[in-house]
Each structure stands twice: as structure tokens, then as C-alpha cells.
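Note sheet for the following structure.
The values are calculated or read from the model by the stated rules, or taken from the named source; none is laboratory data. Owing to the predicted nature of the structure, the values given are computational and were not obtained by experimental measurement. Ideal geometry is used to build each Cβ from the backbone, glycine not excepted, and the neighbour counts take in all protein chains shown.
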Amino acid sequence: MSENIKLVCPHCNTINQFPAAKLRLTEHTSAEKTVSPNCGSCKEPLLTGAPIEVNSQALNRHIQHSGIPVLVDFWAPWCGPCQSFAPTFTHYARANTSEIRCLKLNTESNQSAGAAHHIRSIPTLALFNGGKEIDRVSGAMNKTQLTQWVTQTLK
Ligand SMILES: [Zn+2]
């Protein structure tokens, strides 16, 4: 029996379930030729290699129904450190597309989500696993710090 894994579609928010082996296939494919499992509903790729912009509803859906850890960047358009952190997060999402679900939540347009997650300063990076928050860091990090923090936290 093969083990199944769940992911929420970044395009239509359908919860997909598929063999975990498909995810491993993505992992071993080069960046130019990404073989991603497609959504059973809208047929778009489930793994896009980019952070997924979510609203509060989609955020909760990803946290509750992702078979891999979820990393959320809580940010706002007026925040300078958020802007300078954005490329780092984009690179991280591309490099870890099949291992970590990277989401971006705009706290300006989704204030209820910011409040629900007790976001006091931005950027805040929160890491979720199995539907629960396991750690968070406030303030921008560089690529090395981000990689180390996630790896250490998931150990
Ligand atoms: Zn879809």
C-alpha cells in the first residue's frame, strides 16, 4: 500500500489526495522541468514553485489540510522589511516546493487572520505542522537563517 498525502490546490482551494511518491518525483526533478501532481478539480499544478497568496479562509484550509509543513509569511504592503524579505521567501519557496508549503498572507487586506494568529509585528514567519503552529519568528531573516530555523524547528 502506498502512503497518501494531502495538499490544497493553490488555484481553486480543492483538497487533493495523492500518493506521496508523486511528491518525491517532484523533488528529484530539475527546476526547469517540474513534474507536479495536478489538481483533480481544475487540473492546474499543485506545486507551483512560488509562494501562494492566501486570504484568511485559504490560510486555514492549507494549515488544516497540508500533508507537508506550512510556512506563512504574514506581511503588509507598507512594511519595508517585508518588501526586502519577499525575494528571499520566493527563492526559499522555489527551492523547497515539495517539502514546505509556503504561503503569504497580507495582514492589511486580511486583518481578521492577523488578529486570529496574534500577529503583533510584521514580517512574522510562522511554521505549522499537522494543523498546529510549532514556532514563529518576528522580523526578516536572510536565506541561511530561514533555512536553519525551519530545519531546526522540524527536527
Ligand atoms: Zn485546483
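Summary table below
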{"quantity": "Unmet criterion (only one of (1) touching a Lys or Arg at 6+ places or on another chain (Cβ under 7 Å); (2) more than 18 Å from C12 (Cβ to Cβ)) for A50", "calculated": "(2)"}
{"quantity": "Search result, residues across region 128-148 that are under 17 Å from T97 (Cα atoms) and in contact (Cβ under 8 Å) with a residue 24 or more places away in the chain", "calculated": "F128, N129, K143, L146, T147"}
{"quantity": "Segments classed as strands (runs of 3 or more DSSP E), wholly inside region 25-138, with at least 1 members that are exposed (fewer than 14 other Cβ atoms within 10 Å of the Cβ) and within 16 Å of the ligand (Cβ to nearest atom)", "calculated": "52-54"}
{"quantity": "Per-region count, region 115-151, residues of a type in the set (V, I, T) and touching a strand residue (DSSP E or B) at 6+ places or on another chain (Cβ under 7 Å)", "calculated": "6"}
{"quantity": "Condition met for F74 (out of contact with any His (no Cβ under 8 Å at 6 or more places or on another chain) and at pLDDT 95 or above)", "calculated": "no"}
{"quantity": "Any chance L125 is in contact (Cβ under 8 Å) with a residue 24 or more places away in the chain and more than 14 Å from C82 (Cα to Cα)", "calculated": "no"}
